1. Take the residues of segment 43-58 that are open to solvent by 30 Å² or more (accessible area, probe 1.4 Å) and free of Cβ contacts under 8 Å to residues at least 40 places away in the same chain: which is farthest from L71 (Cα to Cα)?
2. Only residues that are in a helix (DSSP H, G or I) and aromatic (F, W, Y): list them for segment 159-201, please.
3. Any residue in segment 99-117 that is more than 23 Å from S216 (Cβ to Cβ) and open to solvent by 30 Å² or more (accessible area, probe 1.4 Å) sitting within a Cβ distance under 8 Å of a residue that is of a type in the set (D, E) and assigned to a helix (DSSP H, G or I)? List the pairs, counting only those 6 or more apart or interchain.
4. Which residues, counting only those in segment 205-239, are at pLDDT below 50 and crowded, with 16+ Cβ neighbours inside 10 Å?
Amino acid sequence: MNAIATFMDLDTRILIVDDDPGIRTLMSSFLEKHGFRADTAADPIEMRERLAAHRYDLIVLDVMMPREDGLSALRGLQRDEGPPVIMLSAVGTDVDRIVGLEMGAEDYLAKPCNPRELLARIRTVLRRVRAEPAAGKAKDAAKEPGYRFSGWRMDVEAHALYDPNDRPVILSDGEFRLLRAFVEHPRRVLTRDQLLDYARGSDSELYDRAIDVQVSRLRRKLGSEGSTELIRTVRNEGYMFAPVVER
């Protein structure tokens, strides 16, 4: 494990974005001692300047910053298909955590955090991100399946969803993975724990409530008319995707 982690760290560049100079210095020094290349930025404006000049493998992004908050910066990173992000916040409530993850952050830590825990989270995210292309190659270039249900069309390879009128519907990464979990296990009751595993992987630290929030948002995007019939709530058990799904 240590040999693998050390190999991963070599030439891996991390950007730490935090308005506290003490935290920036502490984190960057700690990461550099463990083989990473660590740069810092005092705010999202400086972050974007760094991104324009260098390629980063991961960003550690504080939520509470002057001029522009971390969630706004995260939104821009997702729009521009930036590197994976771990959010940090002194306001470590479940709601803040869920919002950050829903917006596309890979992980979320409450401040103050132990540098060793941050290091472990960084390595976990990098392993997951780097495993995705490898998993794709292992399929020998086989095309990902597409799915149809109740007039809807889901193109897994293009990461796209089209309504019955063939209009594209924008889903967050979390919503898309959740919908894929449903269409790959149709007409079965799935518990929240199962959905957590299917939608975010076994190393997820999301809570049951996050699934409820995602299901609610997914229902709205699937349209108000008949949406509750597509994803049914099974009391005390979980959810079931009701329509027949065709590949």
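The values are calculated or read from the model by the stated rules, or taken from the named source; none is laboratory data. All values derive from a computational prediction rather than experimental measurement. Backbone-built Cβ (ideal geometry, glycine too); neighbour counts: all protein chains shown. All accessible areas refer to the heavy atoms of the entire protein, side chains included, with ligands and DNA or RNA removed. Shrake-Rupley method; radii C 1.70, N 1.55, O 1.52, S 1.80 Å.
1. In this case the residue turns out to be A53.
2. Within segment 159-201, F176, F182, Y198 meet the criteria.
3. From segment 99-117, no pairs qualify.
4. L206
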